[in-house]
Amino acid sequence: KKGFRKARKAERKASLPSIEYRPAVVDARSRIGDWEDDTLVSRQSEERIKSVNERRSGVVFFGKTKDGTADACNEMTRRKLGIIPPFYRQTLTRDRGSENMRHEELSGALGIDIYFAHPYSSWERGSNENVNGLLRRYFPKKTNWSEVSDKDLARAEYLINTRPRKRHGGLTPVEVF
């Protein structure tokens, strides 16, 4: 019908592990090792920013990808989470975007359980949406990601990770992690 979005195949794929099957301990934020990720897009650039954050501590990693393909996004996530010890890689929650569809390879490479939020339910990955908003303070919408240097992105990551949080009693995400 006119005015309705056409359903995408990726959203109808029944084989995606649903957030409903994610362990309850993830919702409680009682352990370190539960991650969320997302992709920030700009119309001015083919490049994208992949954000990966830890739910309990709030530690975040940002990385640039050359495009929005699943291979490029998974490679960036693999690089960022690969430096974390395996016992701090329990779960990863993603949206159902096409850039997240090759999750089996990432799960095998990192030894992490991957779950997918429901379609159009960004609140199910609220920590990550908040982090994306924090990054937008440094790089507002319509920022051309190809003009943002890795050094500038690392600086924003550092400032967000060393910002005291009320939920941690004034500690920074790095201190909690």
field: the chain, dipole about Cα centre (Lys/Arg Cβ +1, Asp/Glu Cβ -1), debye to the nearest 20
entry: 680 debye
statement: Taking the convex hull of the alpha-carbon atoms of the chain and averaging its shadow over every direction gives an area in square nanometres of 10.9 nm²
statement: With a Förster distance of 22 angstrom and the Cβ-Cβ distance between H168 and N130, calculated FRET efficiency to the nearest 0.05 equals 0.95
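Quick one: accessible area per residue over segment 32-177, 1.4 Å probe, rounded to a whole number of Å²? Write out the running numbers ahead of the final one.
Details: 6930 Å² over 146 residues.
Accessible area per residue, segment 32-177: 47 Å².
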- prompt: Given K50/K141; K80/K142; K2/K141, which pairs have Cα atoms separated by over 21 Å?
  reply: K80/K142; K2/K141
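Quickly estimate the mean residue ellipticity at 222 nm for the chain, helices only: each DSSP H run with n ≥ 4 gives -39500 (n - 2.57), and the total goes over all residues, rounded to 500.
On the way: 7 runs with 59 residues, N = 177.
That comes out to -9000 deg cm²/dmol.
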query: In the chain, what % of DSSP beta bridges are antiparallel (nearest 5)?
result: 60 percent
- prompt: What are the DSSP H helices in the chain that stretch 20 Å or more along their long axis, judged by alpha-carbon atoms, and whose average Kyte-Doolittle hydropathy comes to at least 1.0?
  reply: none
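In whole percent, and with a 1.4 Å probe on the protein chains, what portion of the accessible area of the chain is carbon and sulfur? Display every interim value, and only then the final one.
On the way: 4990 of 9690 Å².
Here it works out to 52 percent.
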- request: Work out the charge dipole of segment 1-124 with +1 on the Cβ of Lys and Arg and -1 on the Cβ of Asp and Glu about the Cα centre, then indicate which of I112, S15, V25 is farthest towards its positive end.
  value: S15
In Hz, Karplus ³J(HN,Hα) per residue of segment 141-146 (6.51, -1.76, 1.60; θ = phi - 60°; x = Gly, Pro): 4, 6, 6, 7, 4, 5
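The values are calculated or read from the model by the stated rules, or taken from the named source; none is laboratory data. Worth saying up front: this structure is predicted, and the values here are computed from it rather than measured. Because the Cβ atoms are built from the backbone with ideal geometry, glycine has one as well, and the counts that use them run over all protein chains shown. Only protein heavy atoms, including side chains, enter the accessible area calculation; ligands, DNA and RNA are left aside. Shrake-Rupley method; radii C 1.70, N 1.55, O 1.52, S 1.80 Å.
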